[in-house]
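First the structure, in the form of structure tokens, and then the observations on it.
The values are calculated or read from the model by the stated rules, or taken from the named source; none is laboratory data. Quantities reported herein were computed from a predicted structural model and do not represent experimental measurements. Backbone-built Cβ (ideal geometry, glycine too); neighbour counts: all protein chains shown. Each accessible area value is taken on the protein alone, full model and side chains, heavy atoms only, with ligands, DNA and RNA left out. Shrake-Rupley method; radii C 1.70, N 1.55, O 1.52, S 1.80 Å.
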Amino acid sequence: MDGFLNVLKPSGVTSHDVVLLVRSLSGRSRTGHLGTLDPLARGVLPLVLGSYRRLSEYCLDQDKRYLAEFVFGVATDSGDLDGQIVSRKDAGFLQAGDVREGLKEFTGAVSQEPPAFSALKVRGRKMYEWAREGISVRHQPRTVQVHEFRLLRWTGGPTPRGLFSMEVGRGTYVRSLAADLGEVLGVGATVSYLLRERSGPFTLQEAHTLGEIRRAAKEGRLDGVLFDPLRAIPRMEKFPIAPSALPKVIHGVGLCDQDFQDPGAVSSYDPERGPFLAYEKDPKGMTRIVAVVSSQGNDLKYHKVLTRESDRVANSRGRQHRY
């Protein structure tokens with residue numbers, strides 16, 4: 001089974017736990033996620049199964065939307081309440097207006113140091129591996145994009161809490177946003193609740209719980225809960241291939257514009273837009289991406305061939321085909 005799966009991850013389990021479950025249910029060992037969620041977090045966790053894992057690189061630059069609660073006056077080593085508390089301060093003086101003023105520093109291009117408990121590598125090892133051994137390492141700060149960061153609700157007290165809505169670009173750590181905002185306000189802060197509402201085209205409303213996925217697998221209808229693959233990669237153009245041309249893809253034979261259902265659209269496609277997706281409808285009426293192709297003058301270039309029968313030519317990147 002090849003496809004994308006929009007999972008509603010519960011709090012208290014790791015993203016890897018979810019991947020292992022879906023691997024077991026689907027029988028596809030080649031299953032991965034398109035952006036991890038912390039154990040404390042819940043919400044949208046897009047997975048990619050089978051040969052579609054080779055499409056992951058086209059899904060990584062998509063923005064994400066979160067609903068998060070920060071508790072102020074508390075700082076932890078992990079940036080959320082799953083970690084060990086490293087400092088406590090009375091933040092009872094803090095007001096919602098102070099927080100909104102502090103947020104002005106955290107929109108647009110923001111320099112951010114990843115948290116100690118992250119999967120980024122330092123000296124060949126993941127940062128959380130160092131952290132679990134009590135070894136402090138730091139990753140070079142990175143510039144990330146924060147498109148929106150708003151305070152929705154404020155609850156005062158010695159350790160006040162704020163509920164925030166945010167839309168961020170690739171590689172942004174909400175835990176680092178909390179820690180940095182707390183530092184700017186002089187009291188420290190950590191994440192107490194985190195919900196990913198959207199990851200690219202994958203939304204909370206369309207996500208499937210683990211229970212729903214288990215039932216679908218038990219009833220033999222797991223393919224019925226897969227996410228539309230054409231929607232999963234919205235920034236790429238898609239062209240339906242003619243059924244008679246599918247064997248050419250399977251065997252790595254060069255394509256021409258007449259091999260597509262809309263030859264004119266393929267022949268006029270602007271190569272500057274990058275590669276496009278070639279897809280078909282299988283006998284069940286489901287959409288299947290069969291190849292990633294680019295147009296270069298009178299040439300078509302296979303970047304990736306995804307049909308199972310073509311494993312022997314799937315690695316033939318860079319091969320040029322003449323009309």
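With the condition being in contact (Cβ under 8 Å) with a residue 24 or more places away in the chain and under 22 Å from the mean Cα position of the chain (by Cα), I'd like the strands (runs of 3 or more DSSP E) fully within segment 1-117 carrying at least 1 qualifying residues.
Correct list: 3-9, 31-33, 42-49, 64-72, 108-112.
Of the residues Phe276, Phe260, which is open to solvent by less than 40 Å² (accessible area, probe 1.4 Å), within 21 Å of the chain's Cα centre (by Cα) and among the aromatic types (Phe, Trp, Tyr)?
Numbers: Phe260 fails: within 21 Å of the chain's Cα centre (by Cα).
Only one candidate passes the filter, namely Phe276.
Just to check your reading of the model, which residue among Arg215, Arg235 is farther than 24 Å from Asp63 by Cβ and within 27 Å of the chain's Cα centre (by Cα)? Outline the logic, then answer.
Values: Arg235 fails: farther than 24 Å from Asp63 by Cβ.
Unique residue meeting the criteria: Arg215.
For segment 41-74, how many residues meet the condition of being more than 21 Å from Arg150 (Cα to Cα) and either open to solvent by 50 Å² or more (accessible area, probe 1.4 Å) or not hydroxyl-bearing (Ser, Thr, Tyr) (or both)?
To start, the set of residues in segment 41-74 that are more than 21 Å from Arg150 (Cα to Cα) comprises 45-61.
Checking which are either open to solvent by 50 Å² or more (accessible area, probe 1.4 Å) or not hydroxyl-bearing (Ser, Thr, Tyr) (or both) leaves us with 45-50, 53-55, 57-61.
Qualifying residue count for the region: 14.
If you check Glu197, Glu206, which single one turns out to be open to solvent by 60 Å² or more (accessible area, probe 1.4 Å) and either in contact (Cβ under 8 Å) with a residue 40 or more places away in the chain or within 16 Å of Phe106 (Cα to Cα) (or both)? Step through it out loud before you land on a result.
Working: Glu197 fails: open to solvent by 60 Å² or more (accessible area, probe 1.4 Å).
Result of the check over Glu197, Glu206: Glu206.
Is one or more of the residues making up segment 204-217 at pLDDT below 95 and of a type in the set (Lys, Arg)?
Among the residues of segment 204-217, not one is at pLDDT below 95 and of a type in the set (Lys, Arg), which makes the answer no.
In segment 141-194, how many residues are free of Cβ contacts under 8 Å to residues at least 40 places away in the same chain and touching a helix residue (DSSP H, G or I) at 6+ places or on another chain (Cβ under 7 Å)?
So the answer is 0.
Just give me the residues in segment 156-181 being among the small types (Gly, Ala, Ser) and in a loop (DSSP other than H, G, I, E, B), in sequence order. Step through it out loud before you land on a result.
Taking segment 156-181 as the starting set, the residues that turn out to be among the small types (Gly, Ala, Ser) are 156-157, 162, 165, 169, 171, 176, 178-179.
Matches in segment 156-181: Gly156, Gly157, Gly169, Gly171.
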